[in-house]
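The values are calculated or read from the model by the stated rules, or taken from the named source; none is laboratory data. A quick note: this is a predicted structure, and the numbers were derived from the prediction, not measured. Every residue, glycine as well, gets a Cβ built from its backbone with ideal geometry; the counts of neighbours run over all protein chains shown.
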Amino acid sequence: MNLSQLLPFLLIAVLIVPMVLMSRKQKRAAQQQQQLQNSIGVGDRVMTTSGLYATVANTDDDATVDLEIADGVVTTWLRAAVREKVGPEEEYVDEAEVIDEVEEPGELVDEPETEHVDEPEKVNAKAAVETPKKR
């Protein structure tokens, strides 16, 4: 066989191989997501696809899950909206509760000396522009 006869097969292979690999990757990701949604139980700390952190309050329905966002605040979400399980609530700190420690002001540090540069002389703008001489 010469190269001209193999070219169509090579082109088809170059197009089909990436499609097959992407398809397998998508199937694997969908399977992992399904396993995650099936493994969610009451008390699990989860993050939704919109970035909301909550605790699972109820999983009685196959299609939905009740998430407790704050004490006594329970919302109903589709199971598909749960993106991942996260660690216990103690691991997360509300940024509003974090207070940065400020050190007491100490002795001022002298700024490093810089080389003194003389300011340029002020030049009269009219005098600086040369006027063409008449001949």
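List of remarks:
- Selection from the stretch 1-34 of residues that are more than 30 Å from Ala63 (Cα to Cα) and either hydroxyl-bearing (Ser, Thr, Tyr) or touching a residue at least 12 places away in the same chain (Cβ under 8 Å) (or both): Ser4
- Tyr92, sole failed condition from (1) exposed (fewer than 10 other Cβ atoms within 10 Å of the Cβ); (2) at pLDDT below 65: (1)
- Single residue of the stretch 1-12 satisfying the filter (loosely packed, with under 10 Cβ neighbours inside 10 Å and of a type outside the set (Ser, Thr, Tyr)) that is modelled with the lowest pLDDT: Met1
- Selection count, the stretch 13-53, where residues are over 17 Å from Pro88 (Cβ atoms), surrounded by 12 or more Cβ atoms within 10 Å (Cβ to Cβ) and hydroxyl-bearing (Ser, Thr, Tyr): 2
- Count - residues of the stretch 7-56 that are farther than 23 Å from Trp77 by Cβ and in contact with a Phe, Trp or Tyr (Cβ under 7 Å, 6 or more places away or on another chain): 0
- Considering residues of the stretch 54-78 that are in contact with an Asp or Glu (Cβ under 9 Å, 6 or more places away or on another chain) and without any contact (Cβ under 8 Å) to a residue 12 or more places away in the chain only, the residue surrounded by the fewest Cβ atoms within 10 Å (Cβ to Cβ): Asp60
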